Amino acid sequence: MLDSPFFTHHTSHKLPRKKFAKLLTLFILLIYNINSGEQRKVHPLNIVISNKSDRPIYEQIKDQIRSAIINDEIAEGEMLPSIRSLAQDLKISVITTMRAYSDLEAEGFVSSMQGKGCFVLPKNKEQIKEQKLREIENHLSEAIVCAKSIDLAEKEFLEIVSILQKELK
């Protein structure tokens, strides 16, 4: 579609493919919001911030929103709270909230429309698979460290994984 004659011959300048795709997505979301005929409700976020964590607050926010999107707790097209209102709710700086939303936008989970809000984009299956693989790697790394701490042999570790996999089918 992006290579169709309409887009190459009827524009005064060519947009980069990524920027055009983002603009097209924003346009679709805008049309969806206009055609829905109702005031868009903001999806309430249940974000927990830990001051004891080594992770920066913006990463804690970003990770929890990303997880909610991946796990279908927030549907595509839903509006997230405004940067200012989320900052007020969490009693943090607007800059911190802005950084979390900006990172989520860069990762392709949300799209911001100035004056309209921040909306959840359609899921990218490859992106979600990558995220889940990272989670698996993190959990397995923790399990391996734990296994090494008790000198568990690799064969025994793999047997445990095999048994658990069979039980969870």
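The values are calculated or read from the model by the stated rules, or taken from the named source; none is laboratory data. Just so it is clear, the model here is predicted, and its values are computed rather than measured. Virtual Cβ from ideal backbone geometry, glycine too; neighbours counted across all protein chains shown.
Can you say whether residue 101 is in contact with a Lys or Arg (Cβ under 7 Å, 6 or more places away or on another chain) and surrounded by 11 or more Cβ atoms within 10 Å (Cβ to Cβ), as far as the supplied structure shows?
Criteria not met by residue 101.
Do we find that residue 70 is surrounded by 14 or more Cβ atoms within 10 Å (Cβ to Cβ), modelled with pLDDT under 90 and either closer than 19 Å to residue 44 by Cβ or of a type in the set (Phe, Trp, Tyr) (or both) in this structure?
Answer is yes for this residue.
Where in the range 46-137 are there helices (runs of 4 or more DSSP H), lying wholly inside it, with at least 2 residues that are among the β-branched types (Val, Ile, Thr) and either on the phi < 0 side of the Ramachandran plot or without any contact (Cβ under 8 Å) to a residue 40 or more places away in the chain (or both)?
Output list reads 57-70, 94-106.
Does residue 20 satisfy the criteria of being at pLDDT below 90 and surrounded by 14 or more Cβ atoms within 10 Å (Cβ to Cβ)?
yes
If we scan the range 80-97, do we find a residue that is surrounded by 11 or more Cβ atoms within 10 Å (Cβ to Cβ), among the acidic types (Asp, Glu), in contact with a helix residue (DSSP H, G or I) (Cβ under 9 Å, 6 or more places away or on another chain) and at pLDDT below 95?
No, because not a single residue in the range 80-97 is surrounded by 11 or more Cβ atoms within 10 Å (Cβ to Cβ), among the acidic types (Asp, Glu), in contact with a helix residue (DSSP H, G or I) (Cβ under 9 Å, 6 or more places away or on another chain) and at pLDDT below 95.
Checking residue 145 against (1) part of a helix (DSSP H, G or I); (2) closer than 24 Å to residue 48 by Cβ: exactly one of these is not met. Which one?
Looking at each condition in turn, residue 145 falls short on (2).
Of the conditions (1) under 23 Å from residue 98 (Cβ atoms); (2) over 19 Å from the mean Cα position of the chain (by Cα); (3) surrounded by 13 or more Cβ atoms within 10 Å (Cβ to Cβ), residue 114 clears all except one; give me its number.
Condition not satisfied by residue 114: (3).
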